[in-house]
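Before any comments, here is the structure.
The values are calculated or read from the model by the stated rules, or taken from the named source; none is laboratory data. Worth saying up front: this structure is predicted, and the values here are computed from it rather than measured. Here the Cβ positions follow ideal geometry from the backbone for every residue, glycine too, while neighbour counts run over all protein chains shown. Note: areas computed on protein heavy atoms with side chains; ligands, DNA, RNA excluded. Shrake-Rupley method; radii C 1.70, N 1.55, O 1.52, S 1.80 Å.
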Amino acid sequence: GTSPTPPQKDFFEHLWRTFQPSGFVRLFIAELAGRVISALLTFPFGDTVRAWKIGWAGDHAESSPNAMLYWEAIRWSNHNGYRFFDFVQIEKSLARTLRQGDPVNWASVNGPSNFKVGFGGSPVLLSEPYYRFYHPLLRLFAQAGADWFAAAKDEALGKLKPTNVRFRREFPAG
């Protein structure tokens with residue numbers, strides 16, 4: 001298995017207590033024979049519902065619990081007046097290929113990106129991160145060590161695996 005992120009046991013309980021009373025977090029649960037087999041945590045905010053974390057027990061794959069949860073979350077989002085359902089991230093190369101309308105070599109696409117694109121939607125390419133140092137001494141340090149800073153930033157971000165690519169499904173107005 002994989003280690004949970006974030007690893008703190010009480011993180012999700014704290015998140016739920018903080019955001020659930022305002023409706024800014026929603027949990028979709030798939031049960032089979034009274035046992036939870038999958039769960040999807042989403043953040044409804046503004047005109048968008050963002051899928052953030054999904055957990056699966058690893059059994060009953062034939063029931064497609066993760067796909068069922070995503071479809072239910074999409075249906076709920078549309079029914080409750082949200083404009084977008086955001087799958088959050090897909091591979092940048094796949095997003096560019098889809099935006100350009102080029103044919104996709106699906107054999108080279110990783111599982112999560114392939115899974116998300118299967119629900120329909122459009123890639124959204126966001127701008128690259130921009131860093132600004134307001135403290136003059138830090139700004140001077142960053143300028144003097146720009147190459148070192150870039151390497152350190154890339155190493156740190158590589159561990160976090162952020163992306164500036166989103167994949168979202170838009171609902172028709174009406």
Taking amide H positions as placed 1.01 Å from N in the peptide plane, with prolines and chain starts having none, which residues 5 or more places from residue 32, or on another chain, fall under 5 Å of its amide H?
37
Largest to smallest accessible area among 79, 135 [probe 1.4 Å]:
79, 135
Surrounding charge for residue 121, neighbours by C-beta under 11 angstrom, Lys/Arg +1, Asp/Glu -1, total +2
For residue 167, other-chain or 5+-apart residues with amide H closer than 5 Å (H placed, Pro excluded) are 87, 88, 89, 90, 124
In whole Å, how far is the Cα centre of the stretch 1-75 from that of the stretch 106-143?
23 Å
What net charge do the residues around residue 38 carry, taking every other residue with its C-beta under 14 Å from that of residue 38, with Lys and Arg at +1 and Asp and Glu at -1?
-2
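Rounded, prolate or oblate: which fits the stretch 45-128, taking a ≥ b ≥ c as square roots of the Cα gyration tensor eigenvalues, rounded meaning a/c under 1.5, else prolate when a/b beats b/c?
oblate
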